[in-house]
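Throughout, read-outs are computed from the coordinates displayed, never taken from laboratory work. Everything numeric here is computed off the predicted structure, so don't read it as measured data.
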Amino acid sequence: MRIPVNPANIRQDEHGDYVGTLQEINDIVATGATEQEVIADLASNLAEYAEEYLTDNFRLYFHSPNRRAHFPYVLKVAMQANQDAVVSLIHA
């Protein structure tokens, strides 16, 4: 089974800052001065979420209807060797 990458929606707000969310895990949000900063912040937040999902809250999240679908993405993130590899999973 091919686990998809995480598409991101990035837009520029009225103040010139960039705001990004992940399409598949839309509770992860990041802001920054550039699109690259937003993607790096999304990757960092995604890595933190993956760790939280797999360690602290696995039973709760995996059995929760609104979080169960996140599992393939979380697993893919957890398999990455470093932060740059997580960044490469995010496509804007």
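Under the criterion of Cα pairs below 8 Å and six or more residues apart, the relative contact order for the range 6-91 equals 26 percent. In the elastic network of the chain, a GNM with C-alpha springs shorter than 10 Å, the most mobile of Ala81, Ala30, Ala40 is Ala81. Taken over the chain, the percentage of Cα pairs per 5 Å bin, counting from 0 up to the bin with the maximum distance, is 3, 15, 26, 24, 17, 9, 5, 1, 0.
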